[in-house]
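S.K.: If you scroll down you'll find the structure; I have some questions about it.
The values are calculated or read from the model by the stated rules, or taken from the named source; none is laboratory data. In this text, all values refer to a predicted model and were calculated from it rather than measured experimentally. Quick reminder, even Gly has a Cβ in these numbers, built from the backbone with ideal geometry, and neighbours come from all protein chains shown. Note: areas computed on protein heavy atoms with side chains; ligands, DNA, RNA excluded. Shrake-Rupley method; radii C 1.70, N 1.55, O 1.52, S 1.80 Å.
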Amino acid sequence: MPRKPIVGGNWKCNPKTLEEAQKLIGEWKNQVPLDKRKIDVFACPMMPHLLKVKLPMEKLGISACAQNCSKTGEGAFTGEVSAAQLKDARVQWTLLGHSERRTKYGETDEEVAEKVSQALAAGLKVVLAIGELLDEREASKTDEVNERMLKPVVAKVKEEDWSRIVIAYEPVWAIGTGKVATPEQAEETHAAIRAYMAKAVSEDVAEKVRIQYGGSVTVDNCAELIKKPNIDGFLVGGASLKASFMEIVQKSTPPPVLKKPKWSKITDLNPTTKGFNCMLKCTKAAAQVEGTEGVFEAVCGDDTGMCTVSFRNKDLCDICKEGASLRMQNAAVRMVKGGYMRLVVDKWSAFKPADEPVDFEVKTSNDVSSVEYELVDAWPD
Ligand code: PGA
């Protein structure tokens, strides 16, 4: 089973006003909608904003994620927000162990592990950030540091609870610096993290746990990174404060799986047929239709009947030569009359030379020229 990609936006202590936060969500709304079946998306506004923009975000299919939670529960812990309080506020996710928490607020590996355990106990899902400093990378200690950070978490988390944890590998030297890890560097480290998980927890968890990459991810570099087999998405900082964050989401969404075409015969058609695929032999080369601006037409057929094929793309005339073997996929059927039909090549269709010559005799007894039809006026752009 391939892992479902997951992309998150870490807004950190931004933006300054609630109005700006709301405006950003409005801008995301105007982008291409995300497909929740194919990708998980979360965003982490700072706490007061989080609760205000949570609903509009969720309407876009984006889960609310806190940036931190307390290692303690409720009580005399001034300034803290407990995991259970987050859960009670219907926040489903929390980010934990971000490098800024570790380096600027002195959170230790043990404390982060304690927070993970609190969050899981409260029923939250966790994005666990790990990653090495520049001097640690230069000293070839990247894997060692990641394992050091994961180890106390591994010790505290039950195997079945790893399904509620996403690991965000964020090399600290890449965060906010514009110096993104190369796809090869990131892939190598992600693979090492997965190998550690296999050893420290289980093969099954290692196979299933999603590992995000974070650190200067942008619209321009995400497509190359997501191609790597062990990179399952991104934790995005600076670029998540822009409308184009949704483009990162789009680029991280797996492309649609192309179905194998099912080939049919002209006689199997009716006028409501959609997505018709057929093998054709051109009997009359394409030419511009008289009296039209840029509409071209060829006469083709199979062993059951004849058809005219219309298109607006002049380049297709090159493949529509007399005797050419052609394959048509996802054609729009505009008219069917006995053994005749009319196909239109629109932007959703493919009209190409056949991989191998088609070996049937075209049934020419039906004279397509006598068929009356109307020219279609609804042409695609
Ligand atoms: P960045 O931040 O994308 O701005 O580098 C990433 C992060 O801190 O999670």
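S.K.: Using a/c under 1.5 as the rounded threshold, could you call the chain rounded, prolate or oblate? The axes a ≥ b ≥ c are square roots of the C-alpha gyration tensor eigenvalues, and prolate needs a/b larger than b/c, oblate otherwise.
M.R.: Values: a/c = 3.13, a/b = 2.54, b/c = 1.23.
Here the chain falls in the prolate category.
S.K.: In a Debye calculation with equal point scatterers on the alpha-carbon sites of the stretch 179-305 and no solvent, what is log10 I(q)/I(0) at q = 0.10 Å⁻¹?
M.R.: Cα-only, vacuum Debye calculation for the stretch 179-305: -0.63.
S.K.: May I ask for the net charge around Leu124, where only other residues with Cβ less than 12 Å from the Cβ of Leu124 are counted and Lys, Arg are +1 while Asp, Glu are -1?
M.R.: Working: positive: Lys87, Arg90, Lys115, Lys125, Arg164; negative: Asp88, Asp161.
Charge balance near Leu124 sits at +3.
S.K.: Kindly rank 297-308, 176-187, 349-360, 324-335 from highest to lowest mean number of other beta carbons found within 10 Å of each residue. Walk me through the numbers before you get to the answer.
M.R.: Numbers: 297-308: 22.8, 176-187: 15.7, 349-360: 13.7, 324-335: 19.2.
My ranking of the peptides, most packed first, is 297-308, 324-335, 176-187, 349-360.
S.K.: To continue, here is another question. Quick one: net charge of Thr72's neighbours, Cβ under 9 Å, K/R +1, D/E -1? It would help to have the intermediate numbers written out before the result.
M.R.: Numbers: positive: Lys71; negative: Glu74, Glu80, Glu114.
Once all neighbours under 9 Å are counted, the net charge is -2.
S.K.: Summarise the accessible area of the chain (1.4 Å probe, protein heavy atoms) by the percent that is carbon and sulfur. Kindly include the intermediate steps, with their values, before the conclusion.
M.R.: Values: 9930 of 19470 Å².
Answer for the chain: carbon and sulfur cover 51 percent of the accessible area.
S.K.: Among Lys38/Lys87; Lys87/Lys227; Lys16/Lys158; Lys52/Lys125; Lys262/Lys314, which pairs are too far apart, with a Cα-Cα distance over 32 Å?
M.R.: Details: Lys38/Lys87 25 Å; Lys87/Lys227 34 Å; Lys16/Lys158 39 Å; Lys52/Lys125 20 Å; Lys262/Lys314 27 Å.
Result: Lys87/Lys227; Lys16/Lys158 exceed 32 Å.
S.K.: If you don't mind, there's one more thing I want to ask. Quick check on the chain: of the DSSP beta bridges with both residues there, what percent are antiparallel, nearest 5%? Spell out each step's value before the answer.
M.R.: Working: 25 of 59 bridges.
Restricted to the chain, the bridges split so that about 40 percent are antiparallel.
S.K.: Over 32 Å between Cα atoms, which of Lys23/Lys179; Lys4/Lys151; Lys151/Lys242 qualify?
M.R.: Lys151/Lys242
S.K.: Continuing with the same structure: For Val41, which sequence-distant residues (separation of 5 or more, or a different chain) have an amide H within less than 5 Å of its own amide H, given hydrogens modelled in the peptide plane?
M.R.: Val7, Ser63
S.K.: How many Å³ per residue does the convex hull of the Cα positions in the stretch 133-224 occupy? Please report the intermediate quantities before stating the final value.
M.R.: Numbers: hull volume 9.2 nm³, N = 92.
About 100 Å³ per residue, rounded to a whole number.
S.K.: Answer rounded, prolate or oblate for the stretch 242-369, using the Cα gyration tensor with square roots of eigenvalues a ≥ b ≥ c: rounded when a/c is under 1.5, else prolate when a/b is larger than b/c, else oblate. Provide the component values of the computation, followed by the final result.
M.R.: On the way: a/c = 2.12, a/b = 1.74, b/c = 1.22.
Here the stretch 242-369 falls in the prolate category.
S.K.: Further, regarding this structure: Give me, ordered by chain and number, the residues 5 or more places off Gly214 or on other chains with an amide H under 5 Å from its own placed amide H.
M.R.: Tyr169, Glu170, Leu235
S.K.: For the chain, what are the DSSP H helices with axial Cα length of 15 Å or more and mean Kyte-Doolittle hydropathy of at least -0.5?
M.R.: Numbers: long enough: 18-29 (17 Å, -0.77); 47-59 (19 Å, -0.17); 109-121 (18 Å, -0.35); 142-156 (22 Å, -0.57); 183-200 (25 Å, -0.67).
Qualifying helices: 47-59, 109-121.
S.K.: Could you let me know the centre-to-centre spacing of the stretch 341-365 and the stretch 6-63, using Cα atoms, in angstrom?
M.R.: So the two Cα centres are separated by 47 Å.
S.K.: Can you tell me what the convex hull of the Cα atoms of the stretch 188-232 projects to on average, as an area in nm²? Present the calculation step by step, with values, prior to reporting the outcome.
M.R.: On the way: hull surface 12.5 nm².
With every direction weighted equally, the projected area is 3.1 nm².
S.K.: Now for a separate question. So which chymotrypsin sites (Phe, Trp or Tyr not before Pro) in the stretch 295-348 end up in coil per DSSP with only 12 or fewer other C-beta atoms within 10 Å? Write out the running numbers ahead of the final one.
M.R.: Working: sites: Phe296, Phe311, Tyr340, Trp348; in loops: Trp348.
Loop-located and lightly packed - Trp348.
S.K.: Applying a 10 Å radius around every beta-carbon, put 3-9, 56-62, 288-294 in order of their mean neighbour count, most first. Before the final figure, lay out each step's value.
M.R.: Details: 3-9: 22.3, 56-62: 17.0, 288-294: 10.1.
The most tightly packed comes first, giving 3-9, 56-62, 288-294.
S.K.: Mind checking the per residue accessible area of the stretch 127-200 for me, 1.4 Å probe, whole number of Å²?
M.R.: On a per-residue basis, 45 Å².
S.K.: Pull the list of the chain cysteines that no other Cys approaches to under 4.7 Å, Cβ to Cβ.
M.R.: Cys13, Cys69, Cys222, Cys278, Cys282, Cys300, Cys307, Cys317, Cys320
S.K.: For a test of the definition: using alpha carbon positions, the gyration tensor, and the 1.5 limit on a/c, classify the stretch 78-214 as rounded, prolate or oblate. Display every interim value, and only then the final one.
M.R.: On the way: a/c = 1.85, a/b = 1.31, b/c = 1.42.
The shape class here is oblate.
S.K.: In addition: Cα-Cα pairs above 22 Å in the stretch 1-141: how many percent?
M.R.: Above the 22 Å cut-off, the stretch 1-141 has 44 percent of its Cα pairs.
S.K.: Tell me which aspartates and glutamates have Cα within less than 16 Å of Lys321's Cα, excluding those fewer than 8 residues away on the same chain?
M.R.: Glu297, Asp302, Asp355, Glu356
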